[in-house]
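A.B. asks: Below is the structure I would like to discuss, written out as structure tokens.
Just so it is clear, none of the values below were taken in a lab; they were calculated from the coordinates. Every value quoted in this text rests on a predicted model; they were computed, and no experiment measured them. Cβ atoms come from the backbone with ideal geometry, glycine included; neighbour counts cover every protein chain shown.
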Amino acid sequence: MSFDWRYALEVLPQLLGGLWITIQAALGGMALALVLGLLWAMLRRSAPTVLAYAVRWTLEFIRSTPLLVQLYFLFFVLPDVGPRLSPFATGVLALGLHYSAYTAEVYRAGIEAVPHHQWEAALALGLSRARTWLAVILPQAIPPIIPVLGNYLIAMLKDTPLLAAITVTELLQVAKLMGAERFRYLEPLTLVGLLFLVVSLVSSQLIRALEKRYGRL
């Protein structure tokens with residue numbers, strides 16, 4: 001089978017539309033994962049013992065179950081006991097919740113790397129707990145972990161095809177539908193690989209730029 005450039009250019013606009021859905025899902029999921037991961041890390045360190053253990057085992061459960069299972073649970077089970085979300089919102093929620101269990105560990109490593117005397121100095125100065133976190137601890141903990149957090153963004157981007165299982169028409173799903181129309185999958189799937197490669201490379205460069213600007217050796 002030869003590569004048909006005319007057909008490739010014909011399906012490219014639809015694939016770019018699917019790519020935009022993919023990027024939105026990845027960015028939304030990553031934003032949620034960053035916020036939730038920081039919350040979990042702070043709770044594990046500062047919350048009462050019972051709550052800290054509950055968070056720890058909840059995160060362990062999330063890490064130990066496949067993302068696809070979590071997607072199905074949120075899409076098919078959650079509406080029976082809670083709010084009914086759109087497929088896209090469900091996908092973003094699943095991605096963010098799943099990856100928050102990993103970003104929480106990254107945050108925890110960054111927080112534990114802050115010297116203990118920084119906590120003691122903040123206490124001696126009479127800073128409140130919130131002020132200590134925002135002004136002393138997090139500005140030192142987050143810059144060194146930017147590359148690792150960025151790696152999870154790229155990993156999440158490559159997990160977005162799983163959203164097709166709950167009817168989200170992301171990039172790969174669009175390619176499958178386009179290929180099924182003419183029974184030609186070579187061109188759309190090849191373009192999918194190239195588009196993922198381009199987005200991953202761009203993301204890597206942006207992460208490196210953030211690391212150079214805010215990171216430290």
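A.B. asks: Which condition number in (1) surrounded by fewer than 18 Cβ atoms within 10 Å (Cβ to Cβ); (2) in contact with an Asp or Glu (Cβ under 8 Å, 6 or more places away or on another chain) is the one that Leu194 fails?
C.D. replies: Tallying (1) surrounded by fewer than 18 Cβ atoms within 10 Å (Cβ to Cβ); (2) in contact with an Asp or Glu (Cβ under 8 Å, 6 or more places away or on another chain), Leu194 fails exactly one: (2).
A.B. asks: Name every residue in the range 128-166 that is surrounded by fewer than 16 Cβ atoms within 10 Å (Cβ to Cβ) and over 30 Å from Thr22 (Cα atoms), in order of residue number.
C.D. replies: Ser128, Arg129, Ala130, Arg131, Leu134, Ala135, Pro139, Gln140
A.B. asks: Would you confirm whether or not the range 80-88 contains a residue that is part of a helix (DSSP H, G or I), out of contact with any Lys or Arg (no Cβ under 9 Å at 6 or more places or on another chain) and surrounded by fewer than 14 Cβ atoms within 10 Å (Cβ to Cβ)?
C.D. replies: Yes, that holds for at least one residue.
A.B. asks: Has the range 190-203 got at least one residue that is hydrophobic (A, V, I, L, M, F, W, C) and more than 19 Å from Gly17 (Cα to Cα)?
C.D. replies: yes
A.B. asks: Kindly indicate whether Arg56 is within 30 Å of Arg129 (Cβ to Cβ), touching a helix residue (DSSP H, G or I) at 6+ places or on another chain (Cβ under 8 Å) and free of Cβ contacts under 8 Å to residues at least 24 places away in the same chain.
C.D. replies: In short, yes.
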